[in-house]
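Chemist: So that we are looking at the same thing, I have put the structure below in structure tokens.
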Ligand SMILES: NC(=O)c1ccc[n+]([C@@H]2O[C@H](COP(=O)([O-])OP(=O)(O)OC[C@H]3O[C@@H](n4cnc5c(N)ncnc54)[C@H](OP(=O)(O)O)[C@@H]3O)[C@@H](O)[C@H]2O)c1
């Protein structure tokens, strides 16, 4: 399978590339702004699985004007795409009263606008049966517990959840499945920023195994769904 993963430089995305690189039939394009992390990621994958096919792609998702060129470039690398994981995410932990326009745009650009326009730019590349997996948050699910300081982040993940439902409907004709995994707490830099001092129940490697399996097998059971992947109650 040809797989594109954003936010692959650290945290969940980094571990997800490693999980999917295990299968030598997979060719993964790993996108991050951080070229050094991507180099380390490729080296780790090759060390674990000498036949792993991982192509690093250094790119800042905020450069929306370049999306059409990314699509062209990715086409030369993998030709077609079977799985796109919109995993990159931005969290700014600030009280609502202090969240300014720049903070709001930074958050929505990475969490909503990037999945929207990257998926759009890659449309011609998707094979029939392709799966778009949006990495959402339990905080972006209606009725879940919310936390101070995360208004922009939670609202952006809520938008991503609804985008998922809308795209599943609109892309069904092209036989593209779209789902959203609404993750609970995972021990990453982002989690530490959101909840300083707290300890998450999951680590990135654990959750990456679940996400990796969902990327491949999810379309057999889900389409247009926002699936909570959280151990918190309620
Ligand atoms: N950790 C949790 O508890 C939790 C809970 C719910 C949902 N999530 C979601 O899970 C996903 C992964 O988060 P994480 O916890 O692994 O966070 P993380 O460790 O902070 O990693 C975030 C990733 O997003 C990438 N990113 C951010 N802005 C970018 C941009 N402008 N261009 C390209 N890449 C950009 C970062 O890339 P660079 O390598 O370039 O910095 C990094 O690889 C996010 O969507 C997050 O919202 C996480």
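Chemist: Can you name the residue in segment 30-44 that is surrounded by 24 or more Cβ atoms within 10 Å (Cβ to Cβ) and either more than 22 Å from residue 120 (Cβ to Cβ) or more than 9 Å from the ligand (Cβ to nearest atom) (or both) and, of all such residues, is nearest to the chain's Cα centre (by Cα)? Break it down stepwise before answering.
Modeler: Let us first name the residues in segment 30-44 that are surrounded by 24 or more Cβ atoms within 10 Å (Cβ to Cβ), namely 30-32, 41.
Narrowing further to those that are either more than 22 Å from residue 120 (Cβ to Cβ) or more than 9 Å from the ligand (Cβ to nearest atom) (or both): 30, 41.
Numbers: 30: 11, 41: 17 Å.
Per the criteria, the residue is 30.
Chemist: Scanning segment 180-191 for residues that are crowded, with 21+ Cβ neighbours inside 10 Å and closer than 14 Å to residue 210 by Cα, which turns out farthest from the chain's Cα centre (by Cα)?
Modeler: Taking segment 180-191 first, the residues crowded, with 21+ Cβ neighbours inside 10 Å are 180-183, 186, 188, 191.
With the extra rule that they be closer than 14 Å to residue 210 by Cα, the set shrinks to 180-183, 186.
Details: 180: 9, 181: 9, 182: 11, 183: 11, 186: 14 Å.
Restricting to residues being crowded, with 21+ Cβ neighbours inside 10 Å and closer than 14 Å to residue 210 by Cα, the top hit is 186.
Chemist: Checking the structure you have, find out if any residue of segment 157-173 is more than 16 Å from residue 227 (Cβ to Cβ), in contact with a helix residue (DSSP H, G or I) (Cβ under 6 Å, 6 or more places away or on another chain) and either at pLDDT 95 or above or surrounded by fewer than 18 Cβ atoms within 10 Å (Cβ to Cβ) (or both).
Modeler: Step one: of segment 157-173, the residues more than 16 Å from residue 227 (Cβ to Cβ) are 159, 166, 169-173.
Remaining after also requiring in contact with a helix residue (DSSP H, G or I) (Cβ under 6 Å, 6 or more places away or on another chain): 159.
This time we only want the ones that are either at pLDDT 95 or above or surrounded by fewer than 18 Cβ atoms within 10 Å (Cβ to Cβ) (or both), so: 159.
Scanning segment 157-173 turns up at least one residue that is more than 16 Å from residue 227 (Cβ to Cβ), in contact with a helix residue (DSSP H, G or I) (Cβ under 6 Å, 6 or more places away or on another chain) and either at pLDDT 95 or above or surrounded by fewer than 18 Cβ atoms within 10 Å (Cβ to Cβ) (or both).
Chemist: Within segment 70-97, track down each residue that is farther than 21 Å from residue 136 by Cβ, loosely packed, with under 12 Cβ neighbours inside 10 Å and either in contact (Cβ under 8 Å) with a residue 40 or more places away in the chain or within 16 Å of the ligand (Cβ to nearest atom) (or both).
Modeler: Residues satisfying the conditions are 79, 95.
Chemist: Further question on the same structure: Among the listed residues 59, 147, which satisfies the condition of being out of contact with any strand residue (DSSP E or B) (no Cβ under 8 Å at 6 or more places or on another chain) and in contact (Cβ under 8 Å) with a residue 24 or more places away in the chain? Even if it seems obvious, please write down each step before you answer.
Modeler: Numbers: 59 fails: out of contact with any strand residue (DSSP E or B) (no Cβ under 8 Å at 6 or more places or on another chain).
Result: 147 is the single residue among 59, 147 that is out of contact with any strand residue (DSSP E or B) (no Cβ under 8 Å at 6 or more places or on another chain) and in contact (Cβ under 8 Å) with a residue 24 or more places away in the chain.
Chemist: Of all residues in segment 161-197 being within 16 Å of the ligand (Cβ to nearest atom), in contact (Cβ under 8 Å) with a residue 60 or more places away in the chain and not in a loop (DSSP other than H, G, I, E, B), which is nearest to residue 128 (Cα to Cα)?
Modeler: Taking the candidates together, the pick is 164.
The values are calculated or read from the model by the stated rules, or taken from the named source; none is laboratory data. The model shown is predicted, which means the values in this text are computed figures rather than measured ones. When we count neighbours, we look across all protein chains shown, and the Cβ atoms used for this are built from the backbone with ideal geometry, even at glycine.
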